[in-house]
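Encoded as structure tokens, the structure appears first; notes follow it.
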Amino acid sequence: MKRSLVLAAVGLLLAAPSAFAGPGEVTAVSVVPGPGRALVLIDVHGEVGVQDFTLANPARLVIDISGATLTGTSAAYDGVNRGGIVNIRSAQFSPDVVRIVLELESLRDYEVERTAEGVRVTFGTDRTFAAWSSLQPQALADAASGRVQGSPYAFAPPPEPEVQQAQQPTITVTYDSASVADVIAGFAAFSGRSIVLGKDIAGRVTAEIRNQPWDVAFRSILRSQGLVAIEEPSGIIRVDKRAALSATDSTEPLRTKIIRLNYARAASLRGTIEAILASDRASVVADSATNSLIITDVESRIDEDSVFVARLDIRTPQISIHAKIIFVDRTDIENLGVRYDLGTSQQFFNRLVQRPDPTSAQGVDTNNDGVPDQFAATEFFDENVNIVNLGGNALSAIANADAQLLGPALQLIFSTAIGRFNLTSFVEALQEVNLADLQAEPLITTLDNTEAEILVGEETPVRQIDPGAVGENVTAVTTFVRTGINLRVTPHVTSQRQILLKVHAENSSLKTGLPDVGFTFQTQEADNYILVNDGETAVIAGLTVTEITVAKTGIPFLVDLPIVGRIFGFTSRREQRRDLLILVTPRIIDDASAVTGR
């Protein structure tokens, strides 16, 4: 989501001396159309802070105004789709925070601008619609008159009509070819302000003004005569042609001031300060050695520049992020098999049970009387020698001779004689459980809006050979691949002391692969944006992978029999379960000398 935040320095702008005194107030929210855009205008009195963020499902833009209370009459939104804005809700989120939620058709580019009269949110749109305001009809009519824009002291005409909040006393007056000097004198008398008219200003004014704020009517008349007004630090309002005011400003002496920063980096603030300088002769230089801003501006504005810098040079909160990455790998193995060997001394397969060679028979004394009374073979046939008597009527059979268990936990041998036949059976069984539990708990501390990264692991060299090279032209390039526990976090503290986190958590490991590949890298990672409270634990990722492999070999048809089929073959079942859980707990550190514990 692309977003622009424009900071406008706020001057008095013809407000009464007490207009902005006391705590901030939010009095109205309005939606008005503009050329190619929709404007949401939030009328604000006093010094306040502005924070905005977006939410999805459904699409919403949330604007928090801190240091303010919600006052005035608030009308419910009428449900009309105005430039993609489908609903507006406002409430006192906390004792000093007003939250305004704009429900949108979809997330889109927007711009938030802090002006003298409040906060303006701009959306691009190609739709036309009627204006709406939380105020009642008369206030909405007043709000359609326009707003003050420009430098900290200038009543420059706005580029297009915008909402104007009725803050000043209203005036009703009619002019019929009255001179500009008389009109300005009348406004000075009505407002009680000191207004100075430039020389060589002539012209006639014909206008009829009914129940309009005097500052709105005053600016409208000035625009009709091609005039602008600036308010000097003393409070005197000067009215003249724009060129004349610019020429006067160009003759004012310059002053250079060095402002040393405590928290912000000078280079990062330079662009922001340049944006508010009203004079073309003004300049800003960032000195990295002393972390200072060297500001050159006209005498009447250099102090205002210093105040603006002081408001930006504030201590940024620190956030301690405690993450927990849990990886559990469990493997269950169940193997059961039965092997058979059936044969006689003249007919057999010499694979499971080796048979004695009758040609190696020798006398054996079985009763220890010194006289051999029995003959027994002293050697066995080679295991690769099988005796097959094609002319006989004997039987020879084996089952599952090649299907053996590796490292069985149970081995049973059963042998019996059935007439001329010897039956030998082997029963093998194995049940194995492997459990690997890996837990990593990285802890990292960083400044607000600053990315931090922690890596606990290793770098593995990987050699890559050019597959197209032959002979002496074979070249190899060695690269290093990082594996291990990696946590990368960018936090942001909202005005409600909630924490918006951009998190990347990763657990990777190295595994030996095929000979032509070399290595494989197993990775579990998660990327997420989450909004959590201070000290709250959130689950940013959870993944369970279960893999079951069943293999069955045996005598055809018999191995498929219910219940008894297992004695005619081998059955192998392997279940592998991998669980990944990533937790994160951020905490705001108010005391820079200590890091909050777990």
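The values are calculated or read from the model by the stated rules, or taken from the named source; none is laboratory data. Note that the coordinates shown come from a computational prediction; the quantities given were computed from them, not determined experimentally. When we count neighbours, we look across all protein chains shown, and the Cβ atoms used for this are built from the backbone with ideal geometry, even at glycine. All accessible areas refer to the heavy atoms of the entire protein, side chains included, with ligands and DNA or RNA removed. Shrake-Rupley method; radii C 1.70, N 1.55, O 1.52, S 1.80 Å.
Summary table below
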{"item": "Pairs where the first residue, in segment 217-229, is more than 14 Å from Val173 (Cβ to Cβ) and the second is among the small types (Gly, Ala, Ser) and open to solvent by less than 10 Å² (accessible area, probe 1.4 Å), C-beta under 7 Å, 6+ apart", "result": "Leu222/Ala229"}
{"item": "Sole exception among (1) at pLDDT 85 or above; (2) over 30 Å from Gly198 (Cα atoms); (3) open to solvent by less than 20 Å² (accessible area, probe 1.4 Å) for Ser133, by number", "result": "(1)"}
{"item": "Condition met for Gly370 (assigned to a loop (DSSP other than H, G, I, E, B), over 30 Å from Val564 (Cα atoms) and either open to solvent by less than 30 Å² (accessible area, probe 1.4 Å) or touching a residue at least 12 places away in the same chain (Cβ under 8 Å) (or both))", "result": "no"}
{"item": "All positions within segment 195-225 that are loosely packed, with under 13 Cβ neighbours inside 10 Å and in contact with a helix residue (DSSP H, G or I) (Cβ under 8 Å, 6 or more places away or on another chain)", "result": "Ala202"}
{"item": "Gly468, sole failed condition from (1) open to solvent by less than 70 Å² (accessible area, probe 1.4 Å); (2) out of contact with any Pro (no Cβ under 8 Å at 6 or more places or on another chain); (3) part of a strand (DSSP E or B); (4) modelled with pLDDT under 85", "result": "(3)"}
{"item": "Options Arg330, Arg315: the member that is outside any strand (DSSP E or B) and surrounded by fewer than 18 Cβ atoms within 10 Å (Cβ to Cβ)", "result": "Arg315"}
{"item": "Residue, surrounded by the fewest Cβ atoms within 10 Å (Cβ to Cβ), within segment 263-305, restricted to residues that are under 29 Å from Arg242 (Cβ atoms) and in contact with a Lys or Arg (Cβ under 6 Å, 6 or more places away or on another chain)", "result": "Glu299"}
{"item": "Options Thr571, Thr585; residue that is touching a Ser or Thr at 6+ places or on another chain (Cβ under 7 Å) and either more than 26 Å from Val433 (Cβ to Cβ) or surrounded by 16 or more Cβ atoms within 10 Å (Cβ to Cβ) (or both)", "result": "Thr585"}
{"item": "Members of segment 106-120 that are more than 13 Å from Ser134 (Cβ to Cβ), open to solvent by less than 50 Å² (accessible area, probe 1.4 Å), part of a strand (DSSP E or B) and not basic (Lys, Arg)", "result": "Tyr110, Val112, Glu113, Val119"}
{"item": "Which numbered condition Gln576 fails, given (1) open to solvent by 50 Å² or more (accessible area, probe 1.4 Å); (2) in contact with a strand residue (DSSP E or B) (Cβ under 6 Å, 6 or more places away or on another chain); (3) modelled with pLDDT of 80 or more", "result": "(1)"}
{"item": "Residue in segment 96-108 that is over 13 Å from Glu25 (Cα atoms) and polar (S, T, N, Q) present", "result": "yes"}
{"item": "Scope segment 1-54; condition on the phi > 0 side of the Ramachandran plot and modelled with pLDDT of 80 or more; matching residues", "result": "Gly46"}
{"item": "Cβ-Cβ under 6 Å pairs, at least 6 apart or on other chains, segment 448-463 side within 21 Å of Ala476 (Cβ to Cβ) and open to solvent by 100 Å² or more (accessible area, probe 1.4 Å), far side of a type in the set (D, E, K, R) and outside any strand (DSSP E or B)", "result": "none"}
{"item": "Condition met for Asn87 (loosely packed, with under 15 Cβ neighbours inside 10 Å, under 30 Å from the mean Cα position of the chain (by Cα) and at pLDDT 80 or above)", "result": "no"}
{"item": "Near pairs, Cβ below 8 angstrom, 6+ apart or cross-chain, from segment 549-571 (in a loop (DSSP other than H, G, I, E, B)) to any residue that is at pLDDT 85 or above and among the β-branched types (Val, Ile, Thr)", "result": "none"}
{"item": "Hits in segment 210-230 (condition: farther than 16 Å from Val183 by Cβ and either of a type in the set (A, V, I, L, M) or modelled with pLDDT under 75 (or both))", "result": "Ile230"}
{"item": "Single match in Gln498, Gln524 (criterion: open to solvent by less than 60 Å² (accessible area, probe 1.4 Å) and at pLDDT 85 or above)", "result": "Gln498"}
{"item": "Cβ-Cβ under 8 Å pairs, at least 6 apart or on other chains, segment 232-259 side open to solvent by 70 Å² or more (accessible area, probe 1.4 Å), far side modelled with pLDDT under 85 and among the polar types (S, T, N, Q)", "result": "Pro233/Ser300"}
{"item": "So Ala75, is it farther than 23 Å from Gln496 by Cβ and touching a Ser or Thr at 6+ places or on another chain (Cβ under 9 Å)", "result": "yes"}
{"item": "Subset tally (residues that are assigned to a loop (DSSP other than H, G, I, E, B) and surrounded by 11 or more Cβ atoms within 10 Å (Cβ to Cβ)) for segment 389-412", "result": "12"}
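Conditions (1) open to solvent by 10 Å² or more (accessible area, probe 1.4 Å); (2) more than 30 Å from Glu231 (Cβ to Cβ), marked per residue:
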{"residue": "Ala28", "(1), (2)": "no, no"}
{"residue": "Pro33", "(1), (2)": "yes, yes"}
{"residue": "Gly79", "(1), (2)": "yes, yes"}
{"residue": "Gly83", "(1), (2)": "no, yes"}
{"residue": "Val97", "(1), (2)": "no, yes"}
{"residue": "Leu104", "(1), (2)": "yes, yes"}
